[in-house]
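Structure first, then comments.
The values are calculated or read from the model by the stated rules, or taken from the named source; none is laboratory data. If you're wondering where the values come from, they're calculated on a predicted model, not measured in any experiment. Ideal geometry is used to build each Cβ from the backbone, glycine not excepted, and the neighbour counts take in all protein chains shown.
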Ligand code: AMP
Ligand code: MG
């Protein structure tokens with residue numbers, strides 16, 4: 001039986017009001033001393049980056065190259081990728097990058113008790129999310145696939161190879177951008193860049209502070225689409241990653257909306273009353289994994305997960321518009337609608 005979380009109610013009026021709410025690109029473009037920028041399409045999304053200081057452009061060129069390298073390894077659709085070969089049941093000699101992301105992802109699958117499960121791909125296929133040829137599979141079809149959705153069946157061998165059991169397929173979609181953002185931040189640091197803002201689709205990596213020393217302001221998308229941003233969070237040196245049902249979905253003949261975040265225990269889109277989850281923390285892959293996993297858990301279980309594990313902060317936007325933030329964000333999150341009520345979850349249950 002779950003205990004009710006204790007909430008501290010906080011009126012948005014009590015929070016500082018920003019004069020300027022800006023998207024990541026807007027913030028970065030507004031500052032002087034810009035030394036490098038990149039904008040390209042990779043990992044199925046638009047990536048936009050700005051790096052400040054000497055060598056910024058060169059560093060971002062390296063980042064772009066790195067991201068395409070990672071995409072070539074992790075893509076589930078590119079017939080030359082390691083993930084594609086593994087999904088064909090072939091024995092694959094893993095590159096260091098693929099071995100590393102697999103290692104980290106499997107640990108995160110375990111940490112989230114399978115709410116994140118990188119073997120969800122056969123289910124994604126059944127719903128047509130891998131081809132955009134959307135359909136609603138019947139329960140018999142889903143039930144036949146569920147035995148193959150189990151991350152514990154993915155066991156890279158000590159000799160550095162991976163052979164997946166027949167029927168098991170992996171999909172790094174929930175973690176690849178976060179992983180890429182970690183390596184990108186590391187590469188920028190190696191190039192002496194200590195101020196940069198990277199947006200890899202819904203994955204933002206704020207490197208250091210803005211060139212003037214102030215915090216980056218990252219806009220959190222309004223999942224309803226009624227406004228651009230539901231609020232702004234001020235951060236430095238943090239990953240800010242959002243997962244939302246609105247990012248990819250279709251409406252079935254039955255009039256129901258089906259989205260791309262799947263509950264691995266049922267094989268159906270996760271409907272937990274949430275429309276988006278944003279995670280803020282030091283590690284891009286952790287934030288990416290948790291944005292997906294906590295969406296699957298729903299707000300109550302997600303807050304218990306936060307209390308049990310800590311190490312990150314979160315913003316939950318419910319389908320009814322309620323905004324819940326974890327206590328570490330109470331001075332750094334500002335809703336766009338200053339009359340909105342923001343519920344601040346505390347560590348007390
Ligand atoms: P994200 O946008 O980071 O939330 O990742 C969503 C993508 O991850 C989907 O498009 C699928 O490819 C994959 N996915 C969906 N549900 C899950 C899940 N529960 N665990 C792992 N990957 C998932
Ligand atoms: Mg994710």
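Being in a loop (DSSP other than H, G, I, E, B), on the phi < 0 side of the Ramachandran plot and surrounded by fewer than 17 Cβ atoms within 10 Å (Cβ to Cβ) is the filter here, so list the residues in the range 51-90 that pass it.
Once the filter is applied, which keeps residues that are in a loop (DSSP other than H, G, I, E, B), on the phi < 0 side of the Ramachandran plot and surrounded by fewer than 17 Cβ atoms within 10 Å (Cβ to Cβ), the range 51-90 yields 54, 77, 78, 79, 80, 88, 90.
Surrounded by fewer than 21 Cβ atoms within 10 Å (Cβ to Cβ) and touching a helix residue (DSSP H, G or I) at 6+ places or on another chain (Cβ under 9 Å) - does that describe any residue in the range 284-299?
no
Looking at (1) touching a helix residue (DSSP H, G or I) at 6+ places or on another chain (Cβ under 8 Å); (2) farther than 28 Å from residue 48 by Cα, which is the one condition that is false for residue 73?
Answer for residue 73: the failing condition is (2).
For residues that are in contact (Cβ under 8 Å) with a residue 24 or more places away in the chain and over 26 Å from residue 247 (Cα atoms), tally how many sit in the range 124-142.
Adding up the residues that qualify gives 0.
Would you say residue 265 is closer than 30 Å to residue 89 by Cβ, within 11 Å of ligand 1 (Cβ to nearest atom) and in a strand (DSSP E or B)?
In short, no.
Failed condition for residue 187, given (1) within 13 Å of ligand 1 (Cβ to nearest atom); (2) farther than 25 Å from residue 333 by Cα, with all others met?
If we test residue 187 against (1) within 13 Å of ligand 1 (Cβ to nearest atom); (2) farther than 25 Å from residue 333 by Cα, just (1) comes out false.
So, in the range 244-279, exactly how many residues are touching a residue at least 12 places away in the same chain (Cβ under 8 Å) and on the phi > 0 side of the Ramachandran plot?
2
Can you tell me which residues in the range 118-132 are at pLDDT below 95 and more than 11 Å from ligand 1 (Cβ to nearest atom)?
Across the range 118-132, the qualifying residues are 131, 132.
Would you confirm, using the coordinates I've provided, whether residue 293 is in contact (Cβ under 8 Å) with a residue 40 or more places away in the chain and near ligand 1 (Cβ under 10 Å from one of its atoms)?
yes
Could you look through the range 244-262, keep only residues that are within 18 Å of residue 133 (Cβ to Cβ), in a loop (DSSP other than H, G, I, E, B) and touching a strand residue (DSSP E or B) at 6+ places or on another chain (Cβ under 7 Å), and pick out the one that is farthest from ligand 1 (Cβ to nearest atom)?
This residue is 252.
For a quick check of your reading: which helices (runs of 4 or more DSSP H) sit entirely within the range 91-191 and have at least 2 residues that are within 25 Å of residue 280 (Cα to Cα) and under 16 Å from the mean Cα position of the chain (by Cα)?
96-111, 176-190
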